[in-house]
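Here's the structure, in structure tokens; my notes come after.
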Amino acid sequence: MEFDDGHVLRLRTGDPFLIPSGAIHNARNVGRVTTMMLSTYVVDETKPLVTTYEDRPAKSRL
């Protein structure tokens, strides 16, 4: 998986990962295998559930 900050993480079946609070929660499967994910969110009920941001252009993959 590749995250918006450019960090790439190689995951195997059952591997957990964490996207920290305050970070953009967006990742792309850059591998050759189709993946499925189950996400669990722990949220602060006193804060908005969603905060939108302006979309940035995709990085070139040369």
Looking at this structure, is Met1 at pLDDT 80 or above, aliphatic (A, V, I, L, M) and open to solvent by less than 90 Å² (accessible area, probe 1.4 Å)? yes
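From the set of residues in the stretch 8-19 that are surrounded by fewer than 10 Cβ atoms within 10 Å (Cβ to Cβ) and under 21 Å from Val42 (Cβ atoms), which is modelled with the lowest pLDDT? It would help to see each step written out before you state the result.
Step one: list which residues in the stretch 8-19 are surrounded by fewer than 10 Cβ atoms within 10 Å (Cβ to Cβ), which gives 10, 12-16, 18.
This time we only want the ones that are under 21 Å from Val42 (Cβ atoms), so: 14-16, 18.
Working: Gly14: 90, Asp15: 91, Pro16: 90, Leu18: 86.
The extreme case among them is Leu18.
Which residue is surrounded by the most Cβ atoms within 10 Å (Cβ to Cβ), if the candidates are limited to the stretch 26-55 and must be in contact with a Phe, Trp or Tyr (Cβ under 9 Å, 6 or more places away or on another chain) and of a type in the set (A, V, I, L, M, F, W, C)?
At the first step, the residues of the stretch 26-55 found to be in contact with a Phe, Trp or Tyr (Cβ under 9 Å, 6 or more places away or on another chain) are 26-28, 49.
From what's left, of a type in the set (A, V, I, L, M, F, W, C): 27, 49.
On the way: Ala27: 17, Leu49: 8.
Of everything passing the filter in the stretch 26-55, Ala27 is surrounded by the most Cβ atoms within 10 Å (Cβ to Cβ).
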Search the stretch 38-62 for residues that are at pLDDT 80 or above and pair each with any residue that is open to solvent by 100 Å² or more (accessible area, probe 1.4 Å) when their beta-carbon atoms are under 8 Å apart and the residues are at least 6 apart or on different chains. Val43/Leu49
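The values are calculated or read from the model by the stated rules, or taken from the named source; none is laboratory data. Because the structure is a prediction, the values reported are computed rather than measured. Glycine also receives a Cβ, built like all others from the backbone with ideal geometry; neighbour counts cover every protein chain displayed. Accessible surface areas use protein heavy atoms only, side chains included; no ligands, DNA or RNA. Shrake-Rupley method; radii C 1.70, N 1.55, O 1.52, S 1.80 Å.
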